[in-house]
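Q: Handing you a structure now.
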Amino acid sequence: MKSTTGITVAAQAIAAIFADVLEIPGGVAGDSDFFELGGNSMQAGLVIAQVRRAFGVRLTMRDIFTGGTPEQLAEAVATGQA
């Protein structure tokens, strides 16, 4: 489901998780790469835990490294490829 901003609700939620973990007060865009935003592997673990709590899906570190944007991770969550 797309929101009024053009990205899915899941991608918005994951973007909010990125912003929370990375302490970015203005939020992040759906196409923002986690590591380009300054994220590290320890913070990626926090993202994985929060996504699991929010969606009941287990992401892996590989998911973050190969598809590290909110939109890509939301697609993995939606298709069950995570």
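Q: I'd like to know if segment 52-66 contains one or more residues that are among the small types (Gly, Ala, Ser), part of a helix (DSSP H, G or I) and either out of contact with any Pro (no Cβ under 7 Å at 6 or more places or on another chain) or at pLDDT 95 or above (or both).
A: The answer is yes, given that some residue of segment 52-66 is among the small types (Gly, Ala, Ser), part of a helix (DSSP H, G or I) and either out of contact with any Pro (no Cβ under 7 Å at 6 or more places or on another chain) or at pLDDT 95 or above (or both).
Q: Give the residues of segment 30-57 that are under 12 Å from the mean Cα position of the chain (by Cα) and not aliphatic (A, V, I, L, M), sorted by residue number.
A: GLY30, ASP31, SER32, ASP33, PHE34, PHE35, GLY39, GLN43, GLY45, GLN50, ARG52, PHE55
Q: For segment 46-66, enumerate the residues that are over 12 Å from ILE17 (Cβ atoms), surrounded by fewer than 19 Cβ atoms within 10 Å (Cβ to Cβ) and not aliphatic (A, V, I, L, M).
A: GLY56, ARG58, THR60, ARG62, PHE65, THR66
Q: Taking the residues in segment 34-64 that are without any contact (Cβ under 8 Å) to a residue 12 or more places away in the chain and of a type in the set (A, V, I, L, M, F, W, C) as candidates, determine which candidate is nearest to VAL9 (Cα to Cα).
A: Among those residues, the one meeting the criterion is ALA49.
Q: What are the residues in segment 67-82 that are part of a loop (DSSP other than H, G, I, E, B) and either in contact (Cβ under 8 Å) with a residue 12 or more places away in the chain or surrounded by fewer than 17 Cβ atoms within 10 Å (Cβ to Cβ) (or both), if any?
A: Of everything in segment 67-82, those that are part of a loop (DSSP other than H, G, I, E, B) and either in contact (Cβ under 8 Å) with a residue 12 or more places away in the chain or surrounded by fewer than 17 Cβ atoms within 10 Å (Cβ to Cβ) (or both) turn out to be GLY68, THR69, GLY80, GLN81, ALA82.
Q: While we're here: Return yes when ASP31 is closer than 14 Å to GLN12 by Cα and among the charged types (D, E, K, R) and no when it is not.
A: When the stated conditions are applied, ASP31 passes them.
The values are calculated or read from the model by the stated rules, or taken from the named source; none is laboratory data. Source: prediction; values computed, not measured. Positions of Cβ are backbone-derived with ideal geometry, glycine not excepted, and every protein chain shown enters the neighbour counts.
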